[in-house]
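Here is the structure we will look at, set down as structure tokens.
Derivation of every value follows stated rules applied to the coordinates shown; laboratory data play no part. Predicted, not measured: the structure shown is a model, and the values here were computed from it. Glycine gets a Cβ as well: all are built from the backbone with ideal geometry, and neighbour counts include every protein chain shown.
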Amino acid sequence: MDNIPTTSLRDPAPSSPKYPSTQLIGLPMDPSHLHHYITAGHTTTSHLPSVSPPEKESETFWQVVRQMKKNMMIITFSKSVDSVVKVAEIGMCTMISGNPGVGKSQLCMQLAVNALIPASDGGVGGSSLYISTEGLPDTSRISSMLQKLQNHVNRVRSEKNKSKDLWDDPNLLNKLGIATALDVSSLMECLKSLPKLVAESGYKLIILDSIAAPIRCLEDNNDRMRVTLEITSLLSKLASQMQVAVVCTNHLTTPFNSDDQELIPALGLSVSSQFDVHVELSKEQNQGEVLVKVKKGGKADGATAMFRIGEDGVRDVKRRPAQQPRVGP
């Protein structure tokens, strides 16, 4: 594994938190009050409902805490998609399937960046870990998405008369960890280390891009199935016990020994059944537009939505108003 940033503040994850937690350091609170909590052994917002606060704690701080209780989903920046399915929900495992080049990695990069949105701005206020099994992801693209995100958040804050309170964290990029695991052994080592990393680093999103790449190298089908089930089991436990969102990508393939030409997720349909949510991506005719079909776990199976991939990252599709028919010669 490479370049996984961790924080020096260690805090064991609660056994069964009901909402996302984040480190108290960095939230808008009085330094003396921060010391009050930490010396009592409470270092994340997950502990606060059972802690008696100092009487003069700022209302802004408690507004942030209340907002975090509502923020269980990492948005995609496409209202169309977010309205039909929670692609990255805290405590859940999601599979994003699709053909190569359809936009799976682009969507994952956007989610990894969006996990950093502060709780006061509607985000989960955490950090993310991007595990790639097919080489180093496009870090320049990730940096560009992050800069666009900061610009967007600051523009919204400015419109709400908070122009003096800009989101300008010089260490923001360090909250987005990147690891590579190019074979099964390194991937298993990485996954087994995640509970400790999540507890230490405050990750709210774990991305595995992709689940199939290292497993395809295994020649024995029994070995493939055993490793696949072990990986999905580890990810499922991580999501539920550590209260993080887990997102995996997977390729589509033609079923082996079948006359049915409909594409299915690589490693078989039994793999997708292990996930709480499954969405399938496909390209539209217009450049950069992607169709999202909910296969499992959305508001309705079979529901569809669209997003576009542009310079800013993932955004809603902009539809031009229909032209009025011409009248007369």
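Students often check this: by mean Cβ neighbours within 10 Å, which of 82-92, 213-223 ranks highest, and how do the rest follow?
So the order, starting with the most tightly packed, is 82-92, 213-223.
Between their Cα atoms, which of K204/K318; K204/K293; K204/K237 are more than 19 Å away from each other?
K204/K318; K204/K293
Which value results when the Cα radius of gyration for segment 99-245 is divided by 2.2 N^0.38 Å?
Values: Rg = 17.2 Å, N = 147, 2.2 N^0.38 = 14.7 Å.
The value comes to 1.17.
So if I average 1/r over every pair of distinct C-alpha atoms in segment 113-158 and take the inverse, what Kirkwood radius in Å does that give?
Kirkwood hydrodynamic radius for segment 113-158: 11.7 Å.
Output the peptides 305-314, 108-117, 188-197, 274-283 sorted from most to least packed, where packing is the average of other Cβ atoms within 10 Å over each peptide's residues.
My ranking of the peptides, most packed first, is 108-117, 274-283, 305-314, 188-197.
Report the rotationally averaged projected area of segment 172-280 based on its alpha-carbon convex hull, in square nanometres. Please report the intermediate quantities before stating the final value.
On the way: hull surface 30.2 nm².
One quarter of the hull surface, i.e. the mean projection, equals 7.5 nm².
In the structure shown, do any of K86/K148; K86/K175; K196/K296; K79/K192 have a Cα-Cα gap over 27 Å, and if so which? Provide the component values of the computation, followed by the final result.
On the way: K86/K148 22 Å; K86/K175 22 Å; K196/K296 30 Å; K79/K192 34 Å.
Distance filter (> 27 Å) returns K196/K296; K79/K192.
Using the alpha-carbon centroid of each, what span in Å lies between segment 297-315 and segment 118-194?
Cα centroid to Cα centroid, the span is 20 Å.
Tell me the volume per residue, in Å³, of the convex hull enclosing the alpha carbons of segment 124-197.
Looking at segment 124-197, the number lands at 96 Å³ per residue.
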